[in-house]
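Enquirer: Below are the structure tokens for one structure; questions will follow.
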Amino acid sequence: QVQLVESGGGLVQPGGSLRLSCAASGIVFRFYALGWYRQAPGEQRELAAYITSRNITNYPDSVKDRFTISRDNAENTVYLQMNSLNPEDTAVYYCNAVNDYSRRSYWGQGTQVTVSS
């Protein structure tokens, strides 16, 4: 059974930082591209960060230079370091894994990030 379990969300003040983690089980982690997506209330889910199985990263302009995605294949975990957070970053953050070959996709349950003073 495949599981992606996010953690690390919470309430943070504007300008603060958070580090999200997503622990995977039931997949051969190193063969997956990994992404963090976010969904604010009333909005569509959008990409926050992406890392391929070869460690190539991609970020939308809205988070570039503030967010950093990384992966630890030995620990089957992907991370999202978020700095200089602002209220527009408030959303549920979801972890996603896509197999390089089959393109099968898995999602975590999400973790809430709230940026507010």
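Enquirer: When the Cα centres of the range 84-117 and the range 32-49 are compared, how far apart do they sit, in Å?
Expert: The range 84-117 and the range 32-49 have Cα centres spaced 5 Å from each other.
Enquirer: Using a 1.4 angstrom probe on the protein heavy atoms only, could you order GLU88, GLU43, GLU6 from most to least accessible area?
Expert: Numbers: GLU88 140, GLU43 115, GLU6 10 Å².
Putting GLU88, GLU43, GLU6 in descending order of accessible area: GLU88, GLU43, GLU6.
Enquirer: Continuing with the same structure: Note down the net charge around TYR32, summing +1 for each Lys or Arg and -1 for each Asp or Glu among other residues with Cβ under 12 Å from its Cβ. Kindly include the intermediate steps, with their values, before the conclusion.
Expert: Details: positive: ARG30, ARG54, ARG71, ARG103, ARG104; negative: ASP100.
Every neighbour counted, the sum reads +4.
Enquirer: Moving on. So if I place +1 on the C-beta of Lys and Arg and -1 on the C-beta of Asp and Glu, and nothing else carries charge, what would the dipole magnitude of the chain be about its Cα centre? I want it in debye, nearest 20.
Expert: Values: 10 positive and 10 negative charges, 64 e Å.
Computed about the Cα centre, the dipole is about 300 debye.
Enquirer: Taking the convex hull of the alpha carbon atoms in the range 1-66, what volume per residue do you get, in Å³?
Expert: On the way: hull volume 8.0 nm³, N = 66.
Enclosed volume per residue, from the Cα hull, is 121 Å³.
Enquirer: How big is D, in µm² s⁻¹, for the chain by Stokes-Einstein at 4 °C and 1.567 mPa s if Rh is the Kirkwood radius over C-alpha pairs? Before the final figure, lay out each step's value.
Expert: Working: Rh = 14.1 Å.
In µm²/s, the coefficient rounds to 92.
Enquirer: Turning to a different aspect of this structure: Is the shape of the range 49-104 rounded, prolate or oblate, going by the alpha carbon gyration tensor and its root eigenvalues a ≥ b ≥ c, with a/c under 1.5 for rounded and a/b larger than b/c for prolate? Write out the running numbers ahead of the final one.
Expert: Numbers: a/c = 1.97, a/b = 1.83, b/c = 1.07.
It is prolate, given that a/c is not under 1.5 and a/b is the larger ratio.
Enquirer: Work out the charge dipole of the chain with +1 on the Cβ of Lys and Arg and -1 on the Cβ of Asp and Glu about the Cα centre, then indicate which of ALA91, SER116, VAL78 is farthest towards its positive end.
Expert: VAL78
Enquirer: Now, a different point. All other residues with a Cβ under 14 Å from the Cβ of LEU20 taken together, and with Lys, Arg as +1 and Asp, Glu as -1, what is their net charge?
Expert: Working: positive: ARG19, ARG38, ARG66, ARG71; negative: GLU6, ASP72, ASP89.
Neighbour charge sum, excluding LEU20 itself: +1.
Enquirer: Just to be sure I understand: with springs between alpha-carbon atoms less than 10 Å apart, which residue in ARG66, ARG38, ARG54 has the highest mean-square fluctuation in the Gaussian network model of the chain?
Expert: Residue with maximal mean-square fluctuation among ARG66, ARG38, ARG54: ARG54.
The values are calculated or read from the model by the stated rules, or taken from the named source; none is laboratory data. Only a predicted model underlies this, so the values are computations on that prediction, with no experimental measurement involved. Methodologically, a virtual Cβ is constructed for each residue, glycine included, from the backbone with ideal geometry; neighbour enumeration extends over all protein chains shown. Only protein heavy atoms, including side chains, enter the accessible area calculation; ligands, DNA and RNA are left aside. Shrake-Rupley method; radii C 1.70, N 1.55, O 1.52, S 1.80 Å.
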